[in-house]
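Undergrad: Can you keep this structure in mind? I'll have questions shortly.
The values are calculated or read from the model by the stated rules, or taken from the named source; none is laboratory data. Keep in mind that what you see is a predicted model, and the values were worked out from it rather than measured. For neighbour counting, all protein chains shown are included, and Cβ atoms are generated from backbone atoms with ideal geometry for every residue, glycine included. The accessibility values were calculated without ligands, DNA or RNA, using every heavy atom of the protein model including side chains. Shrake-Rupley method; radii C 1.70, N 1.55, O 1.52, S 1.80 Å.
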Amino acid sequence: MLNNSKWISYPYDTKFACPIFKKSISLNGEIKRATLKITSIGCYVACLNKKRIGDFIMAPGFTSTKRVQMQTYDIKELLEKENEMKVILSQGWYKGRINWRANKDLPHRYPALICEIELVYKNGQREYIYSDESWECSLSKITMSDIYDGEHFDNQMSESYSPVKVQDYPHSLIVNQQGPIVKEQEIVLPHRIFKTPKGETVIDFNQNITGYFEISLDAKAGDRVSFSFAEVLDKDGSFYTENYRSAKAEFEYICRDGVQSHKPLLTFYGFRYIRVNEFPCEITKDSVKAIALHSDIERTGYLDSSSPLLNKLFKNIIWGQKGNFLDIPTDCPQRDERMGWTGDAQVFVKTASYNFNVEKFFEKWLTDLRLDQTKSGLVPSVIPQVWGDDWSGAAWGDASTVCPWQIYLTYGNKDILKKQYKSMCMYIKYITSVTKDKYLWTGCEQYGDWLGIDAPAGSYKGASDQDFIASVFYLYSTSLVIKVGKILSKNVEKYERLYANILNKIRKTYKEYKTQTECVIALFFDVAEDKKAVSRQLADMIIKNGKRLQTGFVGTPYLLHALSQNGYSELAYDLLLQENYPSWLYSVKQGATTIWEHWDGVNDKGEFWSKDMNSFNHYAYGSVADWVYGVACGIKTVEEKPGFEEIIIEPTPTKKLSWLSAKIKTKRGVVSSAWFKEGDSFRYEITTPSDTTVIINGKKHFVKKGSYVF
Ligand code: BGC
């Protein structure tokens, strides 16, 4: 692709200062069609005659460094007789600080751009403009830009152009745009501007968002604007940034003369609060507006209830997804990570696929997973692989099996399975090759029940047996390979034998479960032989703990399911509606506007549990929404007829709420299920776009497309 064009870069490494590239274009007649094809190493913003081309923020997106996506824009409307095209580049995801491996894996690559303009004149003539030695480059007004560290923009810098350097980077890196693009999605206006006890001027947007902002002001040339960003205030009400760790998240702007407005161009921040370090005039609510960015995914899922606290949790889950679906599923959007942590995506994919249409989004990310999976089958901890060494653990690498399977169930398209099947099998092969004990997954470093609050002091890993967790995920992933293999008419006998052997070995080896998470996964993944006893044990543990959970990343997504599947739905509701620490609603009561990474992000004394691993925008525990959609409101997909071609609706109501409702816009139409407490019984309102089995109090009703009341 772009075979006649050359990769062009600034002649030397500009570090975090952004180079700008320029080309003059004169038209020879009236234009019928004009198309720009462009991509870059690093992120780009392209302008024609000072107008931005397209609305893709952080183009060309975050992919494995083995590929870059090319975008195609219709530029006819921007053209004049004489034109000037300019493109600014940053280090972006490819080479910026976020890529911990860039200097090791890509030592000689500078940010570079490659493009082609096709002009079709009304008289039929065609003209092509390619990126090549005829372009010029300069340093731009962006004197620093980095995803972690923010942006500095200096209007006093003037551009001074010189020849570009042609680079011999391969054209084979270039692929067509695959996923949905990142766009400006929502404006969030300041809620209040106030002074902290330390005298800091702070703008509160009342919502933790991912994105940037636009400033508007009247200033003199050389005046400075300087902002810092935070998600929370400390217990004294002062600005708190320690949880951003090494991410500087700065914004500095040197003004020009007059009325002006400005937005950062090549970075994004995770924030609820902005501290105004410097502003040349009085700052008012009209001076700044926040702009939320995320991938252009359509909202499809809605939850609502009679409980305002629960509704706030639902809202926080949606904001958590918006803030972390910025081209890839990230762990968090603010500190020095913002990576595609596989475990986080694995636990959240089901909820994600109900809340929004993420089919194409995951298709793209799973392509990068395939590309960055090692030859041995290991699936790195983060995808795209920009982090440390190639290693990972159970429940993280399993994103390679769980995500394609869920995307298939929600959207019903076999293509994702065809594309991922080999990678799924390789992952099983990898576990089989590294385990110390055959038919278990032992002897490897693991993440365990990450952030489980039964963790021993000083550890992030919950108290659950890490080898047990790993072995159960080995079993689970093998079961998914069997299901997918059968759908694709593959011979899966060897996986069936493997499954039987793993199950047998796990049952022989792990006879007792000592933590909530161990019980949960033993139940949910059909490892427990005496489910009655194990579910009783789990219920007892939870009750003894004041009807409160202790689970981390591994146990939490299945906790309520393990209870409701075994006759403890009311206890599941107790956990969902629990307001004391640790619980979902605890964070809501503490004022959360997104989902916290740690149950104890802020304790009841207002202190932070840690400054190290304490994001306030981490979607993982938002995975509880899949229980609300699938069990509380009871909307279930059918494996044999995925994509809601057939549906089971089996609500599980409780008298602890007056009503609850769920709605999902599926490819076949809207499915919704709501129940209302009416005296001693419940009224159910159901709408379905497909053949559906409605199960109320164990009684089955077969219905066709339509709306029903039970
Ligand atoms: C990330 C997590 C991730 C974990 C695994 C953290 O730093 O933010 O969400 O899954 O590391 O170790």
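Undergrad: Can you check how the C-alpha radius of gyration of the chain compares to 2.2 N^0.38 Å, as a plain ratio?
TA: The reported ratio for this selection is 1.00.
Undergrad: Sticking with this one: Tell me, what is the 1.4 Å probe accessible area of residue 130, in Å² to the nearest 10?
TA: Residue 130 has an accessible surface of roughly 60 Å² with all protein chains in place.
Undergrad: On a 1.4 Å probe surface of the protein chains, which of 108, 262 comes out largest in accessible area, and what is the full order?
TA: Result of the area sort, largest leading: 108, 262.
Undergrad: Ignoring ligands, DNA and RNA, what percent of the accessible area of the chain is carbon or sulfur (1.4 Å)?
TA: On the way: 12710 of 26670 Å².
Result for the chain: 48 percent of the exposed heavy-atom area is carbon or sulfur.
Undergrad: Rounded to a whole number, what is D in µm²/s for the stretch 257-372 from Stokes-Einstein with the Kirkwood radius over alpha-carbon pairs (20 °C, 1.002 mPa s)? Walk me through the numbers before you get to the answer.
TA: Working: Rh = 16.7 Å.
Roughly 128 µm²/s, to the nearest whole number.
Undergrad: Still on this structure, I have one more. Testing the spin-label approximation: label points 7 Å from Cα along Cα→Cβ at residue 508 and residue 704. State their distance in nm.
TA: In this crude spin-label approximation the distance works out to 5.5 nm.
Undergrad: If each residue of separation counts as 0.36 nm, what is the full-extension length gain between residue 605 and residue 128 once their alpha-carbon separation is subtracted?
TA: Net length gain for the segment: 165.2 nm.
Undergrad: How large is the translational diffusion coefficient of the stretch 1-50 in µm² per second when you combine the Kirkwood radius over alpha carbon pairs with Stokes-Einstein at 37 °C and 0.692 mPa s? Display every interim value, and only then the final one.
TA: Details: Rh = 13.8 Å.
After rounding, the answer is 237 µm²/s.
Undergrad: Hey, any idea what Rg/Rh is for the stretch 301-632, computing Rh the Kirkwood way over Cα pairs?
TA: Values: Rg = 18.6 Å, Rh = 19.9 Å.
Rounded to two decimals, Rg/Rh equals 0.94.
Undergrad: Using a 7 Å offset from the Cα along the Cα-to-Cβ direction at both residue 299 and residue 157, what is the distance between the two label points in nm, to one decimal?
TA: 3.8
Undergrad: Charges at C-beta only: +1 for Lys and Arg, -1 for Asp and Glu. How large is the resulting dipole of the chain about its Cα centre, in Debye rounded to 20?
TA: It works out to roughly 1680 debye.
Undergrad: Kindly state, to the nearest 0.05, the FRET efficiency for residue 47 paired with residue 415, given R0 = 51 Å and r defined as their beta-carbon distance.
TA: With a Förster radius of 51 Å, E is 0.90.
Undergrad: In 5 Å bins starting at zero, report the fraction of Cα pairs in the stretch 501-655 per bin as a rounded %.
TA: Reading the bins upward from 0: 2, 9, 16, 19, 18, 15, 12, 7, 2, 1, 0.
Undergrad: Continuing with this model, one more query. Need one number: % antiparallel among DSSP beta bridges in the chain, to the nearest 5.
TA: Around 90 percent antiparallel, to the nearest 5.
Undergrad: I'd like the Karplus ³J(HN,Hα) series for the stretch 353-359: coefficients 6.51, -1.76, 1.60, θ = phi - 60°, whole numbers in Hz, and an x wherever there's a Gly or Pro.
TA: Computed from phi, the couplings for the stretch 353-359 are 6, 8, 5, 9, 7, 10, 4 Hz.
Undergrad: Compute the orientation-averaged projected area for the stretch 36-127 from the convex hull of its Cα atoms and round it to one decimal in nm².
TA: For the stretch 36-127, averaging the hull's shadow over all directions gives 6.7 nm².
Undergrad: I need to check one value: relative contact order of the chain, counting alpha carbon pairs closer than 8 Å and at least 6 residues apart, in percent.
TA: Working: 1719 pairs, mean separation 77.9, N = 710.
Over the chain, the number comes to 11 percent.
Undergrad: Could you estimate the translational diffusion coefficient of the stretch 646-709 from the Stokes-Einstein equation, with Rh from the Kirkwood formula over C-alpha pairs, at 37 °C and 0.692 mPa s, in whole µm²/s?
TA: 273
Undergrad: Right, something else. Helix-derived [θ] at 222 nm for the chain: sum -39500 (n - 2.57) over DSSP H runs of at least 4, divide by residue count, nearest 500? Write out the running numbers ahead of the final one.
TA: Numbers: 14 runs with 172 residues, N = 710.
Calculated from helices alone, the mean residue ellipticity at 222 nm is -7500 deg cm²/dmol.
Undergrad: Counting each pair of different Cα atoms once, what's the Kirkwood radius of the stretch 569-641 in Å, rounded to one decimal?
TA: On the way: mean 1/r = 0.0737 Å⁻¹.
Over the stretch 569-641, the inverse of the mean reciprocal pair distance is 13.6 Å.
Undergrad: What ranking of 192, 497, 507, 335 comes out by heavy-atom accessible area, probe 1.4 Å, highest first? Don't skip to the answer; put the middle values down first.
TA: Numbers: 192 95, 497 145, 507 70, 335 5 Å².
Listed by decreasing accessible area, they come as 497, 192, 507, 335.
Undergrad: For a Förster distance of 51 Å, can you work out the FRET efficiency between the beta-carbons of residue 176 and residue 532, rounded to the nearest 0.05?
TA: 0.40
Undergrad: Summarise the long-distance tail of P(r) for the stretch 184-295 by giving the % of C-alpha pairs beyond 25 Å.
TA: Beyond 25 Å sits 17 percent of the P(r) for the stretch 184-295.
Undergrad: What number comes out for accessible area per residue over the chain if the probe is 1.4 Å? Units Å², please. Mind showing how you got there, number by number?
TA: Values: 26670 Å² over 710 residues.
Spelled out: the 1.4 Å probe surface of the chain, per residue, equals 38 Å².
Undergrad: Which angle from 0 to 90°, rounded to the nearest 10, does the C-alpha axis of helix 308-324 make with the longest principal axis of the chain?
TA: Tilt of helix 308-324: around 50 degrees.
Undergrad: Specify the angular offset, from 0 to 90 degrees and rounded to the nearest 10, of the alpha carbon long axis of helix 531-544 from the longest principal axis of the alpha carbons in the chain.
TA: 70
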